[in-house]
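In what follows, a single structure is set out as structure tokens and then discussed.
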Amino acid sequence: IVCNPGSRLGDLTLLRTIEKEELLVRSTGFFSAIPEVTIMDLFDSQVSKTPTAVALVYGDTELSYIDLYDRSNCLASHLQNHYHISTGDYVGVMQDRSDWSIISILGILKSGGVYVPIDV
């Protein structure tokens with residue numbers, strides 16, 4: 001940088017070639033070892049393991065995993081049956097933060113939709 005102050009940032013190299021290759025090999029090995037699971041897979045697994053445990057607390061509201069599961073399934077079913085939401089459809093949500101924010105996100109994901117937050 002000192003020798004060539006007119007250089008563009010994108011043209012600067014901080015790592016030697018061998019260091020770059022080592023990082024790429026490490027990251028490729030690391031990422032390929034991660035199992036392919038979705039957020040919904042992880043959530044469903046947790047519901048199976050601890051259905052009555054508290055999953056969500058918002059103000060005075062507490063929901064167990066099974067309650068959250070049931071409410072989000074109900075919303076997912078409603079979205080599919082009444083709005084024909086399917087895989088990859090964008091679903092905008094404009095609401096204040098609440099327990100329904102999480103239910104909405106989960107319901108949209110379960111319906112196959114893509115959650116799109118809209119600032120109130």
Can you tally the net charge around Leu79? Count Lys and Arg as +1, Asp and Glu as -1, for every other residue whose Cβ sits under 14 Å from the Cβ of Leu79.
+1
Sum of side-chain charges, Asp41 neighbourhood, beta-carbon under 15 Å (Lys, Arg +1; Asp, Glu -1)
0
Long-range HN-HN contacts of Val114 with modeled amide H, under 5 Å:
Gly88, Asp89, Tyr90, Val91
Among Thr13, Thr61, which comes first, second and so on when ranked by fewest other beta-carbon atoms within 10 Å?
Thr13, Thr61
Nearest 10 degrees is fine. How inclined is helix 99-111 to the longest principal axis of the chain, computing both from alpha carbons?
80 degrees
For the chain, what does -39500 (n - 2.57) per DSSP helix run (n ≥ 4), summed and divided by total residues, give at 222 nm, in deg cm²/dmol to the nearest 500?
-16000 deg cm²/dmol
In segment 38-117 the DSSP beta bridges are antiparallel at a rate, in percent to nearest 5, of 50 percent
Most exposed first, judged by fewest Cβ atoms within 10 angstrom, Asp11, Asp89, Asp119, Asp67 run Asp119, Asp11, Asp89, Asp67
Can you tell me the orientation of helix 39-49 relative to the chain, as the angle in degrees between its alpha-carbon axis and the longest Cα principal axis, to the nearest 10?
50 degrees
Assuming a viscosity of 1.002 mPa s and a temperature of 20 °C, what translational diffusion coefficient in µm² per second does Stokes-Einstein assign to segment 38-117, Rh being the Kirkwood radius over Cα pairs?
167 µm²/s
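FYI, it's all coordinate maths here, none of it is from the lab. Here the structure is a predicted model, which is why all the values come from computation and not from measurement. Virtual Cβ from ideal backbone geometry, glycine too; neighbours counted across all protein chains shown.
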